[in-house]
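Read the structure below first, then the notes.
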Amino acid sequence: QVGELLAKVEQGVQDEVQQRLLTLEGELVEFAAEAAIRLVNGLPISTDILEASIGDALSHCENDLEVSVHLNPADLKLLKESGSELLADSPHQRNIRFLKDDEIARGGCLVETRCGVIDGRRETREQLLRDTVNA
C-alpha cells in the first residue's frame, strides 16, 4: 500500500511538473515574440527596412502590372533622398505608383492592386505574429 501511495504521489508530481513546463513554454514563446516586436520597433526607420517591407508586400502581387504603394510621407521622402532603386522605373513593364499617406505609420505600407489590398503595415505584421504565437 505504501508503494502504491508513493507511485501515485510520484505520478502526481510528474504530471504537475509536465503541466507547469507546458505553461512556461507558452509564456516563454509569448515573451520572446513580444521582445522581438519591441526590438524591431526600437530600430530607426532606414532605407533598408523600408525596401524590405515594400519588397515583401510587392512579392505577394508579382503578376499585377499596376500597383499603388501607400507610404508614410516621411518614409517616401527617405526613399527619394537615398535614391532607392524601388522608385526607379521598372524594366519589367510594371507600373508602381508611390503615394503619400498620412494614415500609414512609419516603416509600413499598403499595396493596392486590382484584386485587393496587401497590408504591409507594421501593426498588422505585429498582430499576425501575436496571433500565430497565441494559436
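The values are calculated or read from the model by the stated rules, or taken from the named source; none is laboratory data. Bear in mind that the values here come from a model prediction, so they are computed numbers and not experimental data. Don't worry about glycine lacking a Cβ; one is built from the backbone with ideal geometry, like all the others, and counts go over all protein chains shown.
Return the total of residues in the range 80-111 being outside any loop (DSSP other than H, G, I, E, B), farther than 25 Å from ALA36 by Cβ and touching a His at 6+ places or on another chain (Cβ under 7 Å).
The qualifying residues number 1.
Given the criteria under 16 Å from the mean Cα position of the chain (by Cα), assigned to a helix (DSSP H, G or I) and either at negative phi or at pLDDT 90 or above (or both), does ILE45 qualify?
No.
Quick one: LYS77 ticks every box in (1) outside any helix (DSSP H, G or I); (2) in contact with a Lys or Arg (Cβ under 9 Å, 6 or more places away or on another chain); (3) of a type in the set (Lys, Arg) bar one, so which box is it?
(1)
Among (1) at pLDDT below 90; (2) within 19 Å of THR47 (Cβ to Cβ); (3) over 14 Å from the mean Cα position of the chain (by Cα), which single condition is ALA74 missing?
Among (1) at pLDDT below 90; (2) within 19 Å of THR47 (Cβ to Cβ); (3) over 14 Å from the mean Cα position of the chain (by Cα), the lone unmet condition for ALA74 is (1).
Quick one: in the range 40-51, which of the residues that are surrounded by 13 or more Cβ atoms within 10 Å (Cβ to Cβ) and not polar (S, T, N, Q) is farthest from CYS109 (Cα to Cα)?
Out of the qualifying residues, it is VAL40.
Each row is one residue, and each column tells you yes or no for (1) surrounded by 13 or more Cβ atoms within 10 Å (Cβ to Cβ); (2) closer than 27 Å to GLU30 by Cβ; (3) outside the structural domain of LEU24 (by TED's automatic domain parsing).
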position	(1), (2), (3)
LEU71	yes, no, yes
LEU86	yes, no, yes
ARG97	no, no, yes
ASP102	no, no, yes
ARG106	yes, yes, yes
THR113	yes, no, yes
ARG122	yes, yes, yes
ARG125	yes, yes, yes
ARG130	yes, yes, yes
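Scan the range 82-135 residue by residue and report those that are more than 12 Å from ALA57 (Cβ to Cβ) and β-branched (Val, Ile, Thr).
Scanning the range 82-135 gives THR132, VAL133.
Would you mind finding the one in GLU126, GLU27 that is charged (D, E, K, R), touching a helix residue (DSSP H, G or I) at 6+ places or on another chain (Cβ under 8 Å) and part of a helix (DSSP H, G or I)?
So the residue among GLU126, GLU27 that is charged (D, E, K, R), touching a helix residue (DSSP H, G or I) at 6+ places or on another chain (Cβ under 8 Å) and part of a helix (DSSP H, G or I) is GLU126.
Given (1) within 30 Å of CYS109 (Cα to Cα); (2) of a type outside the set (Ser, Thr, Tyr); (3) at pLDDT 90 or above; (4) not in a loop (DSSP other than H, G, I, E, B), where does ILE37 come up short, assuming only one miss?
Answer for ILE37: the failing condition is (3).
Within the range 60-68, is even one residue closer than 25 Å to THR132 by Cβ and either modelled with pLDDT of 90 or more or surrounded by 10 or more Cβ atoms within 10 Å (Cβ to Cβ) (or both)?
Looking for residues that are closer than 25 Å to THR132 by Cβ and either modelled with pLDDT of 90 or more or surrounded by 10 or more Cβ atoms within 10 Å (Cβ to Cβ) (or both), one finds at least one in the range 60-68, hence yes.
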